[in-house]
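Reading through the structure tokens given below for one structure.
The values are calculated or read from the model by the stated rules, or taken from the named source; none is laboratory data. Everything numeric in this text was worked out from a predicted model, so none of it was measured. Methodologically, a virtual Cβ is constructed for each residue, glycine included, from the backbone with ideal geometry; neighbour enumeration extends over all protein chains shown.
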Number of protein chains: 2
Amino acid sequence: MALAGKSLIGFSTGRGTGASFHALNPATGTQLEPSFISATQSDVDAAARLASDAFAEFGQTSGKRKSAFLRRIAERIETLGNDIVERANLETALPVVRLQSELGRTCNQLRMFADLVQEGSWVDARIDHPEPARKPVPKPDIRSMLRPLGPVAVFGSSNFPLAFSVSGGDTASALAAGCPVIVKAHPAHPGTSELVAVAMQSVVREFSLPEGTFSLLFDAGYDVGLELVRHPSIKAVGFTGSRKAGHALMSVASSRPEPVPVYAEMGSINPVFLLPGAIKARSLEIASGLHASVTLGVGQFCTNPGLVFLQDGDAAQKFLKELERLIGGTAVATMLTSGISTAYRAGVDKFARTKGVQVRARVLQSDGVAQGGAVLFTTDAETFLSNRGLMDEVFGPSTIVVLCKDSEQLVTCAQALEGQLTATIHATDEEMASHKNLFSVLETKVGRLVVNGFPTGVEVCHSMVHGGPYPATSDGRSTSVGTRAIQRFTRPVCYQNFSDAMLPDELKQANPPGILRLVNGKWER
Amino acid sequence: MALAGKSLIGFSTGRGTGASFHALNPATGTQLEPSFISATQSDVDAAARLASDAFAEFGQTSGKRKSAFLRRIAERIETLGNDIVERANLETALPVVRLQSELGRTCNQLRMFADLVQEGSWVDARIDHPEPARKPVPKPDIRSMLRPLGPVAVFGSSNFPLAFSVSGGDTASALAAGCPVIVKAHPAHPGTSELVAVAMQSVVREFSLPEGTFSLLFDAGYDVGLELVRHPSIKAVGFTGSRKAGHALMSVASSRPEPVPVYAEMGSINPVFLLPGAIKARSLEIASGLHASVTLGVGQFCTNPGLVFLQDGDAAQKFLKELERLIGGTAVATMLTSGISTAYRAGVDKFARTKGVQVRARVLQSDGVAQGGAVLFTTDAETFLSNRGLMDEVFGPSTIVVLCKDSEQLVTCAQALEGQLTATIHATDEEMASHKNLFSVLETKVGRLVVNGFPTGVEVCHSMVHGGPYPATSDGRSTSVGTRAIQRFTRPVCYQNFSDAMLPDELKQANPPGILRLVNGKWER
């Protein structure tokens, strides 16, 4: 399929007189054709106005219809699967197998939200019947449910060119809620973005939905994204990326005349706590699992474990030797972009220069291409506690093992942590029972606690929480994975004294969609 | 009961070396004894630290225990009811009957949240079972539920000395969620605040809960509140009051090293749309209902209707005459504070000076005491649309009727509105069917739509939404009334691969609390 290299503004192409740019093959550093043209302010404005117009209709679209729309998008993406994976492989250097699996996950996410809105109970419908005879004042008829916020801006991420990009989780959940979406494509994989966007555009047409239901904007830099978040038609923002970029969006969104919510997932170092009994019982298994988790996808996951707290002792030292051997033997691999590779090297160098930090293993990487070699650092709790810089995320396959004297020091380190997406604890049953304090402290710091497992591998399911207290995300009350993600793009609206005919179907007396509702305080169908 | 005039820091009294102040009787302007001492920064810090310590235990307290705690607070407040109402009447000039009813509402709110947490399903428990044999990777056991955010700062409001103050809706919902609460008392009713706080403190003792579960801070000015919101131990803020004060809190909360959510309910002008058929059919009834809603409680409600859009014509002019007669015949009454009365007069004067605005009725008020007389203005749609200042809330018993030429102009006016708590439409069945566009526009602007009723009188029930898009509130995704209010003080936490023994009761396999849970995508008990 030929790429046009232009933004998609509803059913039109952007006027695009901004800077042009190319995707680069990170494995070779060579330019990939065609060139892409950055959107202009008038493109942003046109997309936002179309989205605002589209909301009047799309926001009222039934769950069944939104469900069919999302399923059809998944089908179209699967049909174009080979083209998409091939282009994504060139643009990101992610292996074909990984991209095929990510494409599957992306379609699963779309179908998960399709199922959710088809069933329909997610709207949290509530009904309180009237009591006209109540004294001193009659009780009115009150009904409420979640309604969509309005047009949503979604930022494609670098590390998930499919699952957290154009038709990724933010887009799927926003569309499922009834919000038109404008995606700002990540400049590292514009071709992949265009292929997916064209597929989505064709489904919007096929369903005769208003054209502003979906748009895609390209930009070589940051201006288009900031302009988009500043636009008065935009009512919420979804983002996965760096803390710096996330902060920039938070700042723009909170200083607008009408502030809007930003759901920015800004990374995490995902601490792992290894208790002595577990290390004694499963040293090799934990070392191999941890190594796999640290180096999976060249460490380019938000849930990559960048800090390991290990209670020192003979078993711990033996464990470290094994981890050192595994990390040292990791094959060097290409990272997503040369910028990420450069930042990774700089981050690793910064840790290596920190007093009290030892480099235990470092896989050498050649210069000039976007490679990332695995690194293992060790340090002690005192050094960790006196260097807050050791909590900075270094995006890539490195980890720091912090040796702690005793379980009290593990808790002290846990207390010093910032907000995280995850925390992991390896412990025996006895240790779990005797370390409740560690669990309690960690629960206040994270969105997800993992026991005897590893944080990478975010299961897409109803109960998943991929979120966590600031600075892991801008809004720790939310998740970007799992069906709760739809709630981010909604607000409750209450209807008082409405006639049945005027109520949304979900609130009509006969419950036409057959959903679970809270009626006079009792959940019923 | 003797008042001490000092902040309550857990079980101690504040050191309080700040400015002292007295409550004033707004009806007479005289000082009420005793003097109250403003908290100091060290009082704020002490209360916040105690709250943070308390959270470790209170945040893990079972729903049944929190339920009993909230019920006991309601009982204690009822026992002290006469003292509380008597003092509140002196401090606010609100009639005894109104205060008795507000006390009842306050206790109802506490019991509503007690019922909610006793039943327990509000935690949104979700369970996805593992599939160890799944290929290519096993599916882990994933469970999640809502958990409390941490200590919450609550600001007492001026207009609800009980229901939106010390033990009001924000406090009740935060405690129900498991969050310790620090209340900053409103300086207009410090004695009422102390009476309620002492009752709450005694119940914290009686239940052997950690003392930091509840504290009360006094301040003559703004510093204590800002210091409180700035404190790193505070994880969320509840506020009802002016837009200016709400903005100050939003600004402090978003510029902290760790930003925290602010739920500020900042007022609203609650537009009412009167369609010709309804006016023709029920002119006197609507005029009398509107008059009652505008003047109820001297207009001192967030849901007071400050703007009325009326389609012009013979029936409309007749309706206006009746409304003019009713407003003009309203008895003058004492407002909550002299500051509110002064601001009301200034607001009314500003409208009266606006070109194109006519004063149709104005009840004279004498100088020197905190009185508020009802006022009726009229204007035309052009004047309204070209003067955004006419959308400023004037807190008190005044309203502006905007005469519109036709139904199209009604929609144009609706589109021009800012975010509101409520919008009301009076219409016949035929008009409702033919004005769907007006309903659609208003739905995007408000938290609650009222048909053929009036916005004052916020029913406390599961389905109520007392919230709305900015600037009505700082966070339109929330409500401060109704059981959904508890969600403001929570975030989802996910437990992966936990043994049954380590899980919270709500997520254990056997479902000990018997709550509704989403298990493998199906809601079940």
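For region B:105-134, give me each residue that is part of a helix (DSSP H, G or I) and either without any contact (Cβ under 8 Å) to a residue 24 or more places away in the chain or under 19 Å from B:Pro504 (Cα atoms) (or both).
Passing the criteria: B:Leu116, B:Val117, B:Gln118, B:Glu119, B:Ser121, B:Trp122, B:Val123.
Go through the residues of region B:176-190 one by one and say whether even a single one is part of a helix (DSSP H, G or I), under 27 Å from B:Ile340 (Cβ atoms) and away from chain A (no Cβ under 14 Å).
Taking every residue of region B:176-190 in turn, at least one turns out to be part of a helix (DSSP H, G or I), under 27 Å from B:Ile340 (Cβ atoms) and away from chain A (no Cβ under 14 Å).
Do we find that A:Glu119 is of a type in the set (Asp, Glu) and farther than 30 Å from A:Leu503 by Cβ in this structure?
No: the conditions fail for A:Glu119.
Test B:Leu249 against the criterion of being in contact (Cβ under 8 Å) with a residue 60 or more places away in the chain, surrounded by fewer than 22 Cβ atoms within 10 Å (Cβ to Cβ), aliphatic (A, V, I, L, M) and in contact with a helix residue (DSSP H, G or I) (Cβ under 9 Å, 6 or more places away or on another chain), and give yes or no.
no
Suppose we filter region B:97-135 for residues that are touching an Asp or Glu at 6+ places or on another chain (Cβ under 8 Å), within 11 Å of another protein chain (Cβ to nearest Cβ) and closer than 19 Å to B:Ala176 by Cβ; how many remain?
Going through region B:97-135 one residue at a time, the tally reaches 1.
Spot the failing condition for A:Ala370; the list is (1) crowded, with 16+ Cβ neighbours inside 10 Å; (2) under 26 Å from B:Pro257 (Cβ atoms), and only one is missed.
Going through the list (1) crowded, with 16+ Cβ neighbours inside 10 Å; (2) under 26 Å from B:Pro257 (Cβ atoms), A:Ala370 breaks only (2).
How many residues are more than 20 Å from A:Ser242 (Cβ to Cβ), modelled with pLDDT of 95 or more and at the interface with chain B (Cβ under 8 Å from one of its Cβ atoms) when one looks only at region A:442-476?
14
Using the structure shown, decide if A:Thr399 is under 17 Å from A:Leu274 (Cα atoms), of a type in the set (S, T, N, Q) and under 25 Å from the mean Cα position of the chain (by Cα).
yes
What number of residues within region A:477-493 satisfy the criterion of being β-branched (Val, Ile, Thr) and within 8 Å of chain B (Cβ to nearest Cβ)?
Selection size over region A:477-493: 3.
For residues that are closer than 22 Å to A:Ala177 by Cα and of a type in the set (Ser, Thr, Tyr), scanning just region A:136-163, find the one that is farthest from the chain's Cα centre (by Cα).
A:Ser144
Tally time: how many residues in region B:434-493 are charged (D, E, K, R) and either surrounded by fewer than 22 Cβ atoms within 10 Å (Cβ to Cβ) or assigned to a loop (DSSP other than H, G, I, E, B) (or both)?
Looking only at that region, the number is 6.
Of everything in region B:507-525 that's within 11 Å of chain A (Cβ to nearest Cβ) and among the basic types (Lys, Arg), which residue is surrounded by the most Cβ atoms within 10 Å (Cβ to Cβ)?
B:Arg517
Within the set of pairs 6 or more residues apart or between chains, which connect a residue that is part of a strand (DSSP E or B) inside region B:345-366 to a residue that is among the small types (Gly, Ala, Ser) with Cβ atoms less than 8 Å apart?
B:Val359/B:Ala352; B:Ala361/B:Gly328; B:Ala361/B:Ala374; B:Arg362/B:Gly328; B:Arg362/B:Ala352; B:Arg362/B:Gly373; B:Arg362/B:Ala374
When you check B:Asp45 against the structure, is it farther than 30 Å from B:Gly514 by Cα, assigned to a helix (DSSP H, G or I) and assigned by TED's automatic domain parsing to the domain that holds B:Ala236, yes or no?
yes
If we keep just the residues of region A:283-340 that are of a type in the set (S, T, N, Q) and assigned to a helix (DSSP H, G or I), which is farthest from A:Ala188 (Cα to Cα)?
So the residue we want is A:Gln317.
Check B:Ala133, B:Ala125 and return the single one that is surrounded by fewer than 23 Cβ atoms within 10 Å (Cβ to Cβ), more than 21 Å from the chain's Cα centre (by Cα) and among the small types (Gly, Ala, Ser).
B:Ala133
Answer yes if at least one residue in region A:425-435 is among the hydroxyl-bearing types (Ser, Thr, Tyr) and in the same structural domain as A:Phe301 (by TED's automatic domain parsing), and no otherwise.
There is at least one residue in region A:425-435 that is among the hydroxyl-bearing types (Ser, Thr, Tyr) and in the same structural domain as A:Phe301 (by TED's automatic domain parsing).
Could you say which residue among A:Leu228, A:Leu274, A:Leu195, A:Leu175 is in contact (Cβ under 8 Å) with a residue 12 or more places away in the chain and touching a His at 6+ places or on another chain (Cβ under 7 Å)?
A:Leu274
Just checking, how many residues over region B:403-443 are closer than 29 Å to B:Leu116 by Cα, out of contact with any His (no Cβ under 9 Å at 6 or more places or on another chain) and of a type outside the set (A, V, I, L, M, F, W, C)?
2
Pick out the one residue from A:Ile73, A:Ile37 that is buried (at least 19 other Cβ atoms within 10 Å of the Cβ) and either without any contact (Cβ under 8 Å) to a residue 12 or more places away in the chain or in the same structural domain as A:Thr483 (by TED's automatic domain parsing) (or both).
The unique qualifying residue is A:Ile73.
With the condition kept exactly as written, say whether any residue in region A:75-92 is touching a Cys at 6+ places or on another chain (Cβ under 7 Å), in a helix (DSSP H, G or I) and hydrophobic (A, V, I, L, M, F, W, C).
Yes: region A:75-92 contains one or more residues that are touching a Cys at 6+ places or on another chain (Cβ under 7 Å), in a helix (DSSP H, G or I) and hydrophobic (A, V, I, L, M, F, W, C).
Could you please give the count of residues in region A:456-499 that are polar (S, T, N, Q), more than 14 Å from the chain's Cα centre (by Cα) and under 24 Å from B:Pro261 (Cβ atoms)?
Total meeting the criteria: 3.
Does region B:494-506 hold any residues that are within 9 Å of chain A (Cβ to nearest Cβ) and either outside any loop (DSSP other than H, G, I, E, B) or under 18 Å from B:Gly120 (Cβ atoms) (or both), and which are they?
B:Cys494, B:Tyr495, B:Gln496, B:Ala501, B:Met502
Can you confirm whether region B:424-441 contains a residue that is closer than 23 Å to A:Asn520 by Cα, of a type outside the set (Asp, Glu) and at the interface with another protein chain (Cβ under 10 Å from one of its Cβ atoms)?
No, that holds for no residue.
Identify, from the list A:Leu421, A:Leu410, the residue that is over 27 Å from the mean Cα position of the chain (by Cα) and either outside any loop (DSSP other than H, G, I, E, B) or within 10 Å of chain B (Cβ to nearest Cβ) (or both).
Within the list A:Leu421, A:Leu410, the selection yields A:Leu410.
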